[in-house]
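Single-structure report; data block below.
The values are calculated or read from the model by the stated rules, or taken from the named source; none is laboratory data. Just so you know, these numbers come straight off a predicted model, no measurement behind them. Note that we place each Cβ from the backbone using ideal geometry, even for glycine, and neighbour counts take in every protein chain shown.
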Amino acid sequence: MTKFKDLAYYTSFLIGGYKLFPFNFLPLDNGQYIATNLVGEHLILQRDQLDALVKHKLDSTSTLYNDLKAKHFLYDSASTVAVDLLTLKQRTKLSSLSDFTGLHMFVVSLRCEHSCSYCQVSRANDDASRSEYDMSQAVAEKACKLAFRSPSPHIKIEFQGGEPLLNFERIVHVVEEAERLNVTEHRNLQFVIATNLALITKQHLEFCKAHDVLISTSLDGPEWLHNQNRPRPGGNSYQKTIEGIQLSRTFLGPDRVGALMTTTQACLNYPVQIIDEYIAQGFREIFLRPISPYGFALKTKSFKSYGHQEWLQFYFKGLEYIVQINLDGYRFVEQYAATILTKMLSPYATSYIDLMSPAGIGIGGVLYNYDGKVYASDEGRMLAEMNDDTFLLGNVLTDSYEEIFTSEALLEPLKASYTKSVPMCADCAFEPYCGADPVYHHATQGDYVGNKSSSGFCQRNMSIFKHLVQWMESDSKVKEVLSSWIRH
Amino acid sequence: MLSLSAHNLDLYNFKVNEDPFIIKLYEDKRLPLPIKKKSGYIANSDEIPEGYSLYCAFDKRHSLEIARRTKRVVHLDREYEYLSAGDIIRLDPTKKTLRVLFRASSLSNSFLVTERCDNFCLMCSQPPRDISDDWIVEEITNTIPLIDKSTRAIGFTGGEPTLLGDRFLRILEMCKQYLPDTAVHILSNGRRFADSNFTRAYAAINHPDMIVGIPVYSDVAHIHDYIVQANNAFDETIRGILNLKKYRQPVEIRVVVHRQTYARLPRLAEFILRNLAFVDHVALMGLELTGFTKANMDTLWIDPMTYREELTEATKYLDRAGGPVSIYNHQLCVIDKVVWPYARKSISDWKNEYLPVCSKCTKIEECGGFFSSQLAKPSNYISPL
């Protein structure tokens with residue numbers, strides 16, 4: 001039929017060759033290269049393919065040409081809509097910026113009845129310290145008002161400690177005050193209590209149920225490991241936590257109780273046991289976290305006690321075990337990988353503070369300390385406990401919203417650490433998946449940017465990115481599991 | 001396949017050269033006379049109520065009997081006995097033809113708005129013709145006020161409906177005014193929506209339940225342009241989708257799977273996830289063997305069994321994007337069991353059929369079956385489950 005033109009006719013319009021969109025590339029372990037475009041869409045290329053691409057020698061009838069064109073690495077005379085789409089995707093990835101601060105952490109008490117070796121901040125639980133380390137009514141009210149000055153449609157108030165339940169009356173006060181303000185503010189308001197659950201009571205949970213408060217607790221692994229990590233009088237932290245989880249679930253439902261673990265040296269050989277503990281307790285996800293290089297952790301050498309290579313071994317062993325569990329038919333998600341995979345495989349923005357650029361400090365989350373001091377992040381106040389006030393933005397009692405959120409202590413690290421302009425990050429193929437962590441680099445290198453070749457943050461994340469990309473590339477079943485973890 | 005138009009009709013008691021008219025049919029014997037006077041009656045019992053403008057009968061003796069009472073009668077074959085109360089027909093007494101414009105019992109009432117189109121798709125089921133569409137518009141605007149308000153959904157198709165510009169928007173506005181509770185589904189190539197002024201006017205209709213189904217055939221611009229045989233079509237279609245979503249209008253993406261699209265189907269799914277994740281529905285559709293497809297069989301036809309894996313991969317990918325995804329026009333026995341939950345009974349009732357062998361299948365109730373046109377060349381792997 002002559003009235004129809006063949007594909008060659010339409011390919012013949014690709015005159016004048018192709019032009020390249022900005023993209024980065026990086027060698028993988030097997031001689032292949034990963035190339036990522038502006039918004040993190042990626043392709044695995046052979047060396048000669050990469051060579052042909054940048055030398056404008058690609059054959060416009062090849063599958064590779066079509067792949068690169070559809071993924072917005074190159075464009076030609078047939079279509080210009082790629083620019084519109086890239087713009088839109090970039091805007092989507094950065095959309096949370098215009099919301100500004102969504103997470104507001106309230107340290108309602110620094111006291112705690114646990115004495116965990118890795119804890120960065122807590123103080124002994126005695127009457128003398130009550131007045132000194134509990135958040136006052138005045139501080140709480142000012143902090144609430146500041147939280148609502150954020151333009152974000154989502155306001156999440158997270159109660160931290162110490163052990164926040166030791167000052168439950170302040171939690172009640174803040175929740176009620178925030179709800180009162182929200183009558184006219186109409187934000188999507190959410191509350192979380194980060195608690196070890198040892199002191200949780202039915203009265204607390206009645207309140208949580210009535211006000212839709214979430215519970216986030218610490219569970220470090222099986223009983224012996226958890227109790228070793230988290231000593232308290234009576235040595236029964238594990239028992240208390242498990243009882244607390246069960247009680248909380250009966251009041252709030254299974255999905256309103258979450259748990260986090262901290263990887264100490266004692267954990268390193270037991271990823272499988274830790275994961276099994278989470279599964280046994282009915283959790284459908286785990287966050288395999290590295291220890292932070294801050295505060296008491298640094299002082300007590302907990303952090304120095306293992307390097308990032310040992311942690312990566314632990315992480316990969318755990319991840320492999322988790323993926324196998326999924327392959328066997330039971331959905332169970334590792335949250336750090338889920339965040340990275342969402343960045344890799346979807347257009348959506350993620351809200352995990354440590355993997356954001358611009359950095360999440362202050363503009364993703366902010367911390368109101370018990371004494372009224374405002375810190376750019378949880379880690380920022382941990383540094384302050386070691387007499388480093390670099391990330392102190394102001395005080396709720398004396399400073400205005402404008403003074404706090406436009407302070408140099410916030411703007412300077414944000415500007416300096418923006419990954420698209422940081423040496424090495426700007427050229428890195430993994431930049432779209434990574435983030436700026438000025439607090440980490442300040443703590444470890446005395447500089448918001450840091451030298452990436454000696455940065456544990458960089459090495460840890462690069463290893464994970466590479467591992468995930470190569471694993472998915474080599475095993476389609478694994479890719480299916482990992483892809484199913486995307487959040488939106 | 002249901003017949004929706006009849007020729008060489010036997011008509012009684014009509015004047016010479018009477019103009020064509022659109023009329024709604026009833027089965028009630030006791031309607032107010034003013035309603036009867038402008039309506040037709042489906043005469044399927046011996047009792048003949050007085051006062052109707054037209055009588056449809058299916059038995060020759062019955063037709064003659066009514067005609068003796070000097071009433072206007074159209075005699076129809078038994079195959080039109082499906083006609084029921086609320087149906088709307090167009091009768092041309094001079095040409096002795098009848099078309100069924102609307103069937104109250106059907107969920108797939110669709111109006112062809114124009115035969116013109118600015119695409120020329122290789123597999124077009126309704127090959128475009130560059131002819132005047134004024135009479136079609138008039139027919140539709142005369143029909144909409146007759147449609148029962150409880151109708152769940154109606155569709156508009158073409159050709160390319162948006163080529164009518166404001167005249168098409170006026171039809172949609174009428175839908176909102178006369179049928180506020182009826183969902184409207186529009187099939188469009190989306191190119192006209194690249195024009196922001198048009199899209200703004202479309203959005204301003206503010207219809208509570210209206211969606212545009214727009215085909216995207218490839219993640220690669222020039223391959224899409226090839227399939228629709230039009231340069232720059234991909235860019236305009238994508239910009240059209242972006243504009244529609246900018247004005248918060250529901251959009252469905254429709255992909256027809258055939259020899260030219262199946263290999264990149266997973267890549268297209270990835271493209272939709274990365275670039276168009278905000279669309280409201282994605283439909284992956286089997287090929288209808290009618291219209292241009294018949295002329296391009298060698299270029300287009302491929303056994304659905306061959307692209308089973310691609311279909312599964314694409315479906316899972318799109319499901320991950322969060323939006324609803326459906327598989328249309330595929331038989332359950334040729335698609336992977338894991339994607340059965342996505343398979344819909346999508347074929348319009350009047351052209352939906354099954355093979356004889358299907359009668360042995362235990363899943364026939366859940367299976368969407370075939371287009372009547374597909375029966376000429378079904379998959380080689382059709383087998384009862």
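Note on the range A:322-381: among residues that are touching a residue at least 60 places away in the same chain (Cβ under 8 Å) and among the basic types (Lys, Arg), the one that is farthest from A:Val139 (Cα to Cα) is A:Arg331. Here B:Leu265, B:Leu311, B:Leu289, B:Leu284 are screened, and the one residue that is more than 12 Å from chain A (Cβ to nearest Cβ), over 25 Å from B:Gly240 (Cα atoms) and buried (at least 22 other Cβ atoms within 10 Å of the Cβ) is B:Leu311. The residue of the range A:425-448 that is surrounded by the fewest Cβ atoms within 10 Å (Cβ to Cβ), among those that are free of Cβ contacts under 8 Å to residues at least 12 places away in the same chain and out of contact with any His (no Cβ under 8 Å at 6 or more places or on another chain), is A:Gly446. Is the range B:192-211 home to any residue that is surrounded by 21 or more Cβ atoms within 10 Å (Cβ to Cβ), under 19 Å from the mean Cα position of the chain (by Cα) and free of Cβ contacts under 8 Å to residues at least 60 places away in the same chain? There is no residue in the range B:192-211 that is surrounded by 21 or more Cβ atoms within 10 Å (Cβ to Cβ), under 19 Å from the mean Cα position of the chain (by Cα) and free of Cβ contacts under 8 Å to residues at least 60 places away in the same chain. Taken together, the residues in the range B:163-192 that are in contact with a helix residue (DSSP H, G or I) (Cβ under 9 Å, 6 or more places away or on another chain), assigned to a helix (DSSP H, G or I) and closer than 16 Å to B:Thr141 by Cα amount to 12.
The residues listed here are B:Leu25, B:Leu31, B:Leu2, B:Leu64; of these, the one that is at pLDDT 90 or above and closer than 29 Å to B:Trp350 by Cα is B:Leu25. Within the range A:63-82, being closer than 19 Å to A:Ile15 by Cβ and either at the interface with another protein chain (Cβ under 7 Å from one of its Cβ atoms) or part of a helix (DSSP H, G or I) (or both) holds for A:Tyr65, A:Asn66, A:Leu68, A:Lys69, A:Ala78, A:Ser79, A:Thr80, A:Val81, A:Ala82. With respect to A:Asn227, is the statement that it is modelled with pLDDT under 95 and in a helix (DSSP H, G or I) true? When the stated conditions are applied, A:Asn227 passes them. Inside the range B:212-243, residues that are at the interface with chain A (Cβ under 8 Å from one of its Cβ atoms) and in a helix (DSSP H, G or I) make up a count of 10. Quick one: is A:Cys112 at pLDDT below 95 and in contact with a helix residue (DSSP H, G or I) (Cβ under 9 Å, 6 or more places away or on another chain)? Taking the combined requirement at face value, the residue satisfies it. Inside the range A:430-450, residues that are assigned to a loop (DSSP other than H, G, I, E, B) and within 14 Å of the chain's Cα centre (by Cα) make up a count of 4. Taken over the range B:314-353, residues that are within 13 Å of chain A (Cβ to nearest Cβ) and free of Cβ contacts under 8 Å to residues at least 24 places away in the same chain amount to 2.
If the requirement is being of a type in the set (Phe, Trp, Tyr), farther than 27 Å from B:Leu169 by Cα and modelled with pLDDT of 95 or more, which of these qualifies: B:Phe198, B:Phe271, B:Phe234, B:Phe193? Steps first, answer last, please.
Values: B:Phe198 fails: farther than 27 Å from B:Leu169 by Cα; B:Phe234 fails: farther than 27 Å from B:Leu169 by Cα; B:Phe193 fails: farther than 27 Å from B:Leu169 by Cα.
Result of the check over B:Phe198, B:Phe271, B:Phe234, B:Phe193: B:Phe271.
Scoring A:Ile245 on the criteria (1) modelled with pLDDT of 95 or more; (2) surrounded by fewer than 20 Cβ atoms within 10 Å (Cβ to Cβ) leaves a single failure, condition (2).
Taking residues in the range A:1-28 that are at the interface with chain B (Cβ under 7 Å from one of its Cβ atoms), and partners anywhere that are modelled with pLDDT under 90 and in a strand (DSSP E or B), not one pair has Cβ atoms closer than 6 Å while being at least 6 places apart or on different chains.
Taken over the range B:184-217, the criterion of being among the hydrophobic types (A, V, I, L, M, F, W, C) and touching a Ser or Thr at 6+ places or on another chain (Cβ under 9 Å) is satisfied by B:Ile186, B:Leu187, B:Phe193, B:Ala194, B:Phe198, B:Val212, B:Ile214, B:Val216. Quick check on the range A:85-97. Is at least one of its residues away from every other protein chain (no Cβ under 14 Å), in a loop (DSSP other than H, G, I, E, B) and in contact (Cβ under 8 Å) with a residue 12 or more places away in the chain? Looking for residues that are away from every other protein chain (no Cβ under 14 Å), in a loop (DSSP other than H, G, I, E, B) and in contact (Cβ under 8 Å) with a residue 12 or more places away in the chain, one finds at least one in the range A:85-97, hence yes.
Scan the range A:146-195 residue by residue and report those that are on the phi < 0 side of the Ramachandran plot and part of a loop (DSSP other than H, G, I, E, B).
A:Ser150, A:Pro151, A:Ser152, A:Pro153, A:Gly161, A:Glu163, A:Arg187, A:Thr195
Of all the listed residues (A:Ala178, A:Ala147, A:Ala194), the sole one being under 19 Å from A:Gly258 (Cβ atoms) and either surrounded by 22 or more Cβ atoms within 10 Å (Cβ to Cβ) or among the small types (Gly, Ala, Ser) (or both) is A:Ala194.
Does B:Arg259 qualify as being more than 9 Å from chain A (Cβ to nearest Cβ), surrounded by fewer than 20 Cβ atoms within 10 Å (Cβ to Cβ) and touching a Leu at 6+ places or on another chain (Cβ under 6 Å)? It would help to see each step written out before you state the result.
Values: more than 9 Å from chain A (Cβ to nearest Cβ): yes; surrounded by fewer than 20 Cβ atoms within 10 Å (Cβ to Cβ): yes; touching a Leu at 6+ places or on another chain (Cβ under 6 Å): yes.
Yes; evaluated as a whole, the condition is true for this residue.
Look through the range A:39-61, keep the residues that are more than 21 Å from B:Ala269 (Cβ to Cβ) and assigned to a loop (DSSP other than H, G, I, E, B), and return whichever of them is farthest from the other protein chains (Cβ to nearest Cβ). Per the stated criteria, the residue is A:Lys55. Which condition number does B:Ala277 fail, the rest of (1) touching a His at 6+ places or on another chain (Cβ under 8 Å); (2) crowded, with 18+ Cβ neighbours inside 10 Å; (3) away from chain A (no Cβ under 13 Å) being met? Condition (3) is where B:Ala277 drops out.
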